[in-house]
1. Which whole-Hz ³J(HN,Hα) couplings does region 101-114 yield from phi under the Karplus relation 6.51 cos²θ - 1.76 cosθ + 1.60, θ = phi - 60°, glycine and proline marked x?
2. Let's see if you can work this out: charge +1 on each Lys and Arg Cβ, -1 on each Asp and Glu Cβ, no other charges. What is the dipole magnitude of the chain about its Cα centre, in debye to the nearest 20?
3. For region 54-98, place one equal point scatterer on every Cα, skip the solvent, and apply the Debye formula. What is log10 of I(q)/I(0) at q = 0.13, 0.21, 0.24 Å⁻¹?
4. Largest first and in whole Å, what are the equivalent-ellipsoid semi-axes of region 1-93 based on the Cα gyration tensor, each being the root of 5 times an eigenvalue?
5. Mean-square fluctuation check for the chain, GNM, Cα pairs under 10 Å: which of Gln47, Gln89, Gln13 is largest?
6. Take Gln3 and Gln42, extend 7 Å from each Cα along the Cα→Cβ direction, and tell me the distance between the two endpoints in nm.
7. Counting pairs of alpha carbon atoms under 8 Å apart in space and at least six apart in sequence, what relative contact order in percent does region 39-117 give?
8. Would you mind pulling out the separation of the Cα centroids of region 68-107 and region 1-54, in Å?
Amino acid sequence: QVQLVESGGGSVQPGGSLRLSCAASRMILSEFVRYTYGWYRQAPGKQRELVASLSSGAMTNYADAVKGRFTISKDNARKRVYLAMNSLQPEDTAVYYCNFRGPNDFWGQGTQVTVSS
């Protein structure tokens, strides 16, 4: 059974940075590269929203709120997907989830990001 495990969340002050990591366990490389990868977030009382996505063809897409501040990337050899987050603001506070969409649909368990002074 494939599992996605996120890490890298935490608490930072406004203007700080974090890098989230999503590791795909029990997934072979030839399967890993077939997916579209996404990072979503859900703040208290709000719906889950797409933050960034990266297609198997290396096309990226970002929510307007994070353009220029967040970067999605992947490491095929490590079967990991990353979300580098810079210039974090309090409105970025949420639980962040990674998602693999393709032959199947997988979600991680979520990692909390809190931005406050």
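1. Working through the residues one at a time gives 10, x, x, 9, 10, 10, 10, x, 7, x, 9, 7, 10, 10 Hz.
2. Details: 13 positive and 8 negative charges, 50 e Å.
My answer is approximately 240 debye.
3. Scattering profile of region 54-98, log10 relative to I(0): -0.33, -0.80, -0.99.
4. Values: eigenvalues 113, 39, 32 Å².
Semi-axes (√(5λ), whole Å): 24, 14, 13.
5. Gln47
6. Distance between label points: 2.0 nm.
7. On the way: 119 pairs, mean separation 20.4, N = 79.
Computed over region 39-117, the figure is 26 percent.
8. 4 Å
Each value in this text was obtained by applying a stated rule to the coordinates, not by laboratory testing. Only a predicted model underlies this, so the values are computations on that prediction, with no experimental measurement involved. All Cβ positions, glycine included, derive from the backbone under ideal geometry; neighbour counts span all protein chains shown.
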